Amino acid sequence: MGEVVLACEGLKKRYGDLWVLKGIDFEIEKGQTKVIIGPSGSGKSTFLRLMGLLEPPTEGKIYFEGKDVYGSGLDLNMIRAKIGFVFQEPSLFRHLTALGNVKLGPKVVLKMKDDEAERKALEALKTVRLEEWSHHYPAQLSGGQQQRVGIARALAMDPDIILFDEPTASLDIELTWEVIDVMKDLARRGVTMLVVTHELGFAKEVADEILFMDDGRIIESGPPEELLKNPKSPRAREFLRRLIGGV
Amino acid sequence: MFTLENFLFLLQGVPNTLAISFLSFALGFALGIPTAIVKQFSPYGLGHVADAYISVMRGIPVLVIMLLFHFGMAGIIPVFKSAFLSATFALGLRSGAFQSQIFRGAINSVGRQQMMAATSLGMNRWQAFRYVILPQAFIVALPGLGSEIALLIKDSSYAFVLGVLELTKYSDIVRKATRSFLYPYLIAAILYILITFPVANYLDRLGSRLKTKYGLR
């Protein structure tokens, strides 16, 4: 058994009167890739934002490397720096070049010297195959390139895990492939990843486990071949039938 | 008769007009950014102080502030013995309130997603603000700042009432000396346009150019 990087227990989230998460237990070990699928409105993105410490839970606990994140007076920013996050919406800093985007975190948060941060950033941009685009501004990059810069920005922090919130949802199919290819690379290199996506090819190839979420709960989970071929719950079966059949 | 000499004499008012406008703009900038930040974060409940400052400045005619400073408060605050400084501070204080509103609108336009992205890297609120939000907000604010400078250049003419030798005062002197009622003010009007137009227009265009470059809205 590997070391558990990120976990949660009885996680619930309420917005006003609406319970978006209704009790989630989850853990992911170092080097694992887990994929979350499920219909829109099932709470996938909310779950991810909570695990990224971008919003506090209403109830329940989140553990980072065994420590109760909200319960032990830890510096949340120090933990956030160790949890990478790639967003669905374009979220690059628009006034900075690709290089500037990737280097800002190491410089400001990790307090690296400028040349050290730059080396780190270029290395990360190389990993996502964008070193030649390092001096372009986000507005000059395609959606796929922007998402890859977003991945490089997370990588440059040397995170212990990266969370991906439907990183290809707003991309054309070819741009989706280039992003997915980079993510497969990372998974094979042993980067710990928790990914919300409906790219089942990605899930089949690299996921250790797929989690099916519906109505604020994890309904079913299992290795990809099992869950994708023989989902046990009717809801997962129905969802997958529609996702694959396009009906 | 209005002559070339009259025109050259009138031009002597321009430096003071420029000095009052740009100094008060700088003062307004120095007050506006912290006020916008205080309104945004309201540290120690200071947001109400910022609100009060903005409401007061929005509610008093700037001429009344000038008169109050120069004639009412010179005894308490020696700086206000100077008509020039009274006018500059009055305009600067009001501009601080206006500029804070310009910056706040610009800060809000940058959007939550940028803040969230900065937070995900582990930046605290101040770092996110300093390195991510403010630089973008500044670009968005440029056209608004252009209008604000134009407003200050025009309103610097109120300093005439305190006896400051600026453009309006000079045109009035020429009017009295020449008994020409049309030309001194007409020339002053044209000079005001010649000063305001390039400044405001430049900031407008710079703002548009940078917004396109960075894909800002």
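How tilted is helix B:14-41 with respect to the longest principal axis of chain B? Cα atoms for both, answer in degrees (0 to 90, nearest 10).
That helix lies at roughly 20 degrees to the long axis.
Rounded to the nearest percent, how much of the accessible area of region B:4-213 (1.4 Å probe, protein heavy atoms only) is carbon and sulfur?
69 percent
Which FRET efficiency value, to the nearest 0.05, do you get for B:Ile77 and A:Glu89 by plugging their Cβ-Cβ distance into 1/(1 + (r/R0)^6) with R0 = 60 Å?
After rounding, the FRET efficiency stands at 0.70.
For the protein assembly as shown, what is the accessible area per residue in Å² when the probe is 1.4 Å? Walk me through the numbers before you get to the answer.
Details: 21510 Å² over 464 residues.
Ligands and nucleic acids excluded, the result is 46 Å² per residue.
Please compute the modelled spin-label separation between B:Met1 and A:Arg14, points set 7 Å along Cα→Cβ, answer in nm with one decimal.
8.9 nm
Where in region A:126-140 is the amide nitrogen less than 19 Å from a point lying 7 Å along the Cα-to-Cβ axis of A:Asp172?
A:138-140
Report, to the nearest whole %, how much of the accessible area of region A:140-247 belongs to carbon and sulfur atoms, 1.4 Å probe, protein only.
46 percent
Residues of A:73-83, mean number of Cβ from any other protein chain within 10 Å of their own Cβ, rounded to a whole number?
Mean shielding count: 3.
Per residue of chain B, what 222 nm ellipticity follows from adding -39500 (n - 2.57) for every DSSP H run with n ≥ 4, rounded to the nearest 500?
Dividing the helical sum by the residues of chain B leaves -25000 deg cm²/dmol.
For a 30 Å ceiling on Cα separation, which of these pairs sit above it: A:Lys61/A:Lys126; A:Lys107/B:Lys39; A:Lys67/A:Lys111; B:Lys81/B:Lys154; A:Lys34/A:Lys103; A:Lys30/A:Lys120?
Details: A:Lys61/A:Lys126 37 Å; A:Lys107/B:Lys39 28 Å; A:Lys67/A:Lys111 24 Å; B:Lys81/B:Lys154 23 Å; A:Lys34/A:Lys103 28 Å; A:Lys30/A:Lys120 22 Å.
Beyond 30 Å between Cα atoms: A:Lys61/A:Lys126.
With an 8 Å cut-off on Cα pairs and a minimum separation of 6 or more residues, tell me the relative contact order of region B:4-213 in percent.
Dividing the mean separation by the residue count of region B:4-213 yields 29 percent.
For A:Lys126 and A:Lys22, compute 0.36 nm times the residue count separating them, minus their Cα-Cα distance, and round to one decimal in nm.
Full extension of this stretch gives 33.4 nm more.
About its Cα centre, how strong a charge dipole does the protein assembly as shown have in debye, to the nearest 20, once Lys and Arg get +1 and Asp and Glu get -1 at the Cβ?
Its charge dipole is roughly 1400 debye.
Roughly how large is the A-B contact in terms of buried accessible area, totalled over both chains, probe 1.4 Å, nearest 100 Å²?
2200 Å²
Between A:Gln140 and A:Leu76, what is the label-point separation in nm under the 7 Å Cα-to-beta-carbon projection?
Modelled inter-label distance: 3.7 nm.
Could you work out the mean count of beta carbons from other protein chains within 10 Å of each residue's beta carbon in A:92-100?
Numbers: counts 4, 12, 13, 16, 5, 0, 0, 0, 1.
Mean number of neighbouring Cβ atoms from other chains: 6.
For chain A, what is the calculated [θ] at 222 nm in deg cm²/dmol (nearest 500), taking -39500 (n - 2.57) for each run of four or more DSSP H residues and dividing by its residue count? Intermediate results must be reported in sequence, preceding the final value.
Working: 9 runs with 92 residues, N = 247.
Value at 222 nm, helices only, nearest 500: -11000 deg cm²/dmol.
The values are calculated or read from the model by the stated rules, or taken from the named source; none is laboratory data. Please read all numbers here as calculations on a predicted model, not as lab measurements. Quick reminder, even Gly has a Cβ in these numbers, built from the backbone with ideal geometry, and neighbours come from all protein chains shown. All accessible areas refer to the heavy atoms of the entire protein, side chains included, with ligands and DNA or RNA removed. Shrake-Rupley method; radii C 1.70, N 1.55, O 1.52, S 1.80 Å.
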